[in-house]
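Visitor: So that we are looking at the same thing, I have put the structure below in structure tokens.
The values are calculated or read from the model by the stated rules, or taken from the named source; none is laboratory data. Note that this is a predicted model, so its numbers are computed, not measured. Cβ placement follows ideal geometry from the backbone for every residue including glycine, while neighbour counts extend to all protein chains displayed. Just the protein is used for accessible areas: all its heavy atoms, side chains included, with ligands, DNA and RNA removed. Shrake-Rupley method; radii C 1.70, N 1.55, O 1.52, S 1.80 Å.
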Amino acid sequence: MPEKNQAALDFLAKRRSHSPKLLTTPVPSKDELAALLTLAARSPDHGALAPWRFIVIEKPAMARLADLAEARAKSLGRPEEDQSKARGQFDRGNLAVVVVERPVASEKVPPLEQTLSAGAVCLSLVNAALASGWGAGWVTGWISFDRGFVEQGLGLETSERVAGIVHIGSFANAPVERARPDVEGITTGLSA
């Protein structure tokens, strides 16, 4: 019989991301954030390629990114709602980590596995922050996939893309539980 880590199981049974809209200060210190990034980097990574990297967005950079997001939305003729939403996450943000997928040429590890690894890093970063007592939420949105914004604002290379933007901070209230999938309804079995 395997030995259970009941504390970890209890955490996973109750974990709940926070809306970045509701996160506030204080935020993790540089050392605390470094510890969270170290935990996130322990994600599944076939071939030990590290097909991802981190960009830490601190409060002073948020205003520049908010302005750029709004300008980009306007230049593309996006609806006002898109302009507001793209700008909003940076206007309200105090600390965020962009998880950037950076594919590595490999005969052994296909691109899809590298994409999945970058996604695992996003979830691991959220879980590390939550387990450390911070609030955290993983977001994207159209602005995260707009080449003009990510190259100019975040300095991404043409081969890179945003896997997620993880906002981290303090919170006043725990997030409300949401409906979860019916696991039996989405599970099939093969026994032979």
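Visitor: When residue 18 is evaluated against the numbered criteria (1) closer than 14 Å to residue 99 by Cα; (2) open to solvent by less than 50 Å² (accessible area, probe 1.4 Å), which criterion, by number, is the only one it fails?
Guide: Among (1) closer than 14 Å to residue 99 by Cα; (2) open to solvent by less than 50 Å² (accessible area, probe 1.4 Å), residue 18 violates only (1).
Visitor: Within segment 38-53, count every residue that is in contact (Cβ under 8 Å) with a residue 12 or more places away in the chain and open to solvent by 60 Å² or more (accessible area, probe 1.4 Å).
Guide: Selection size over segment 38-53: 5.
Visitor: Could you count how many residues in segment 1-12 are more than 14 Å from residue 132 (Cβ to Cβ) and within 20 Å of the chain's Cα centre (by Cα)?
Guide: Residues that pass the stated criteria total 1.
Visitor: Residues of segment 112-149 being closer than 14 Å to residue 100 by Cβ and among the β-branched types (Val, Ile, Thr), which ones?
Guide: Answer for segment 112-149, where residues must be closer than 14 Å to residue 100 by Cβ and among the β-branched types (Val, Ile, Thr): 115, 121, 140.
Visitor: With 35, 61, 66 as the choices, which residue is touching a residue at least 12 places away in the same chain (Cβ under 8 Å), under 14 Å from residue 167 (Cβ atoms) and either out of contact with any strand residue (DSSP E or B) (no Cβ under 9 Å at 6 or more places or on another chain) or of a type in the set (A, V, I, L, M, F, W, C) (or both)?
Guide: 66
Visitor: Return the pairs, sorted by first residue and then second, in which the second residue is open to solvent by 20 Å² or more (accessible area, probe 1.4 Å) and part of a loop (DSSP other than H, G, I, E, B), the first residue lies in segment 129-151 and is in contact (Cβ under 8 Å) with a residue 12 or more places away in the chain and aromatic (Phe, Trp, Tyr), the beta carbons are less than 7 Å apart, and the residues are 6+ apart or on different chains.
Guide: Correct list of pairs: 138/17.
Visitor: Inside segment 73-90, can you point out the residues that are open to solvent by 70 Å² or more (accessible area, probe 1.4 Å), assigned to a helix (DSSP H, G or I) and either at pLDDT 95 or above or among the basic types (Lys, Arg) (or both)?
Guide: 74, 75, 85
Visitor: Of all residues in segment 138-192 being among the acidic types (Asp, Glu) and under 24 Å from residue 84 (Cβ atoms), which is surrounded by the most Cβ atoms within 10 Å (Cβ to Cβ)?
Guide: Result: 146.
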